[in-house]
Amino acid sequence: YLFGTMHILCAEDARLSAPLKSIIQKSRKVYFEIDMDDMNEMLGAMKYLRMNDGIKISDLLSKEEYTRLEEYFKKSKTPIPIGMINRFKPFLVSGLISEQSMKCKQKNGMEELIMKEASLRDKQIFGLETVQFQASLFDSIPYEKQAKELINYIDSIDSYEQSTREMVEVYRKQNLDQLDSLVRKSDPGMNQYMDLLLYGRNRRWVRQMPTAMREGTILFAVGAGHLAGDQGVISLLRKEGY
C-alpha cells in the first residue's frame, strides 16, 4: 500500500481514516522516508542540521540581508536562538519558517499518527533512506543559493503562506494531480534541483520497494508530493508492472 503524507499539519487536519487504520493493522511492516522509530537515527539528525566547515548564514548574506533575517525571527518569537539558526543549513531554516506559518496552536504530522497506530499494533518501522542521506542532499545545493532563497522566502512570506494554505487544502481533498502542480510551482527557484530532491529519490525508492514487498503486506508512507506525476512513485511502479 502507498499513502501520501504531509509532514506538518494543523492537528485538526491530521487524522487517520478507518481504511488507513485497517491497512496498518494488516501490514507486516511500515516504511517511512526515514526510520522514525530509531531514536539513535533521529537524535543523530541533530549533527546534520549545521553547514559543513563551520559556515554560517551570516557569511553568505550581506549585512543588510542578515539583519532582515534577524528581525524576522525576533518578530516570529521562535524558540530557537538566532545564533543557533545562523549555523543551520538555510533550507532547513526555510522549513522551520514554513512550519511556523501554520496558524494553529497544535501541529502534527501524518507520520507521527501512523507511527503511533503502528506501535499499538506492534508493527515494525523502517526507512527507505537515512537521515545522513537526506542531509547530504542539502549539501549538494550551494549554500549561497540556499541562503538567497531563504531571504527571498522571508521577503515574500505572505505569498508562501498562501501557497502552504493551498497545499494543505489540496491535501485534505486528496487531489494528487493538483498537489503535484503546486509542488512544482511553489518555489520557482528550486526547479533545477527537483531531480535531486524529488525525482531521483523516487527512482531509488522504487528500486528498493520490491525487496520489501516480498516479505508480505507493506505500507509505504512518504510525502504525498512523491507519489504524483509521471516521475512519481505511482507512475514508476506502474512502469515496473505493478
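Taking θ = phi - 60°, what integer Hz values does the Karplus form 6.51 cos²θ - 1.76 cosθ + 1.60 yield along segment 195-212, in sequence order, with x for Gly and Pro?
5, 5, 8, 10, 5, x, 5, 4, 5, 4, 4, 5, 6, 7, 4, x, 4, 5
Scan around residue 27 for amide H atoms under 5 Å from its own, H built in the peptide plane at 1.01 Å from N, and keep only partners 5 or more places away or cross-chain.
Those qualifying (amide H under 5 Å, at least 5 residues apart or on another chain) number zero.
With a cut-off of 8 Å between alpha carbons and a minimum separation of six or more residues, what is the relative contact order of the chain in percent? Walk me through the numbers on the way to the answer.
Working: 283 pairs, mean separation 92.0, N = 242.
Relative contact order here is 38 percent.
If I model segment 88-164 as equal point scatterers sitting on the Cα atoms and use the Debye formula, what is log10 I(q)/I(0) at q = 0.23 Å⁻¹?
Debye curve over Cα of segment 88-164, log10 I(q)/I(0) at q = 0.23 Å⁻¹: -1.08.
With every protein chain present, what is the per residue accessible area of segment 1-87 (1.4 Å probe, Å²)?
Working: 5300 Å² over 87 residues.
With the other protein chains kept in place, segment 1-87 gives 61 Å² per residue.
Whole-Hz Karplus ³J(HN,Hα) for segment 71-80, in order, using 6.51 cos²θ - 1.76 cosθ + 1.60 and θ = phi - 60°, x for Gly and Pro?
Result, rounded to whole Hz: 4, 4, 6, 5, 5, 7, 6, 5, x, 9.
Using only the alpha carbon atoms of the chain, find the Kirkwood hydrodynamic radius as the inverse mean reciprocal pair distance, in angstroms to one decimal. Mind showing how you got there, number by number?
On the way: mean 1/r = 0.0522 Å⁻¹.
Mean inverse Cα-Cα distance, inverted, gives 19.2 Å.
Collect residues whose amide H, placed 1.01 Å from N in the peptide plane, falls under 5 Å from the amide H of residue 126; neighbours closer than 5 in sequence don't count.
30, 31, 32
Return an integer: the convex hull volume of the alpha-carbon atoms of segment 1-120, in Å³ per residue. Present the calculation step by step, with values, prior to reporting the outcome.
On the way: hull volume 15.8 nm³, N = 120.
Once divided by residue count, the hull of segment 1-120 is 132 Å³.
Could you derive backbone 3J(HN,Hα) for segment 219-225 from the dihedral phi with the Karplus parameters 6.51, -1.76 and 1.60 (θ = phi - 60°), listing whole Hz in sequence and x where the residue is Gly or Pro?
Here the 3J(HN,Hα) series is 10, 9, 10, 10, x, 4, x Hz.
Give me the one-decimal nm value for the distance between modelled label points at residue 22 and residue 161, 7 Å along each residue's Cα-to-Cβ direction.
My value for the distance between the label points is 4.1 nm.
Near the amide H of residue 3, under 5 Å away, which other amide H atoms are found, from residues 5 or more places off or on another chain, if H is placed in the peptide plane?
220, 221, 222
Please give the per residue volume of the convex hull enclosing the alpha carbon atoms of segment 196-240, rounded to a whole number of Å³.
Working: hull volume 3.1 nm³, N = 45.
Here the figure is 69 Å³ per residue.
Tell me, what is the FRET efficiency for residue 174 and residue 87 to the nearest 0.05, using R0 = 25 angstrom and their Cβ-Cβ distance as r? Intermediate values should be presented prior to the final figure.
Details: r = 38 Å, r/R0 = 1.54.
Efficiency for this residue pair is about 0.05.
For Cα pairs less than 8 Å apart in space and 6+ apart in sequence, what is the mean separation divided by the residue count of segment 1-122, i.e. the relative contact order in percent?
On the way: 82 pairs, mean separation 71.0, N = 122.
Relative CO of segment 1-122 lands at 58 percent.
Taking 20 °C and 1.002 mPa s as the conditions, I'd like the Stokes-Einstein D for segment 145-242 in µm²/s, using the Kirkwood hydrodynamic radius from alpha carbon pairs.
Working: Rh = 15.1 Å.
For these conditions, the coefficient is 142 µm²/s.
Using +1 on the beta carbon of Lys and Arg, -1 on that of Asp and Glu, and nothing else charged, what's the dipole of the chain about the Cα centre, debye to 20? Numbers along the way, then the final one.
Working: 35 positive and 34 negative charges, 108 e Å.
Value, rounded to 20: 520 debye.
Roll a 1.4 angstrom probe over the protein heavy atoms and tell me the percent of accessible area of the chain that is carbon or sulfur. Could you put the intermediate results ahead of the total?
On the way: 6520 of 13180 Å².
Answer for the chain is 49 percent, counting heavy atoms of protein chains only.
Provide, for segment 1-115, the number of lysine pairs with alpha carbons under 16 Å apart, each pair being eight or more places apart or on different chains.
Working: 21/29; 47/56; 47/89; 56/89; 75/103; 77/103; 77/105.
The result is 7.
The values are calculated or read from the model by the stated rules, or taken from the named source; none is laboratory data. All values derive from a computational prediction rather than experimental measurement. Positions of Cβ are generated from backbone atoms using ideal geometry, with glycine treated the same way; all protein chains shown enter the neighbour counts. These area figures cover heavy atoms from the full protein model, side chains too; ligands, DNA and RNA do not enter into them. Shrake-Rupley method; radii C 1.70, N 1.55, O 1.52, S 1.80 Å.
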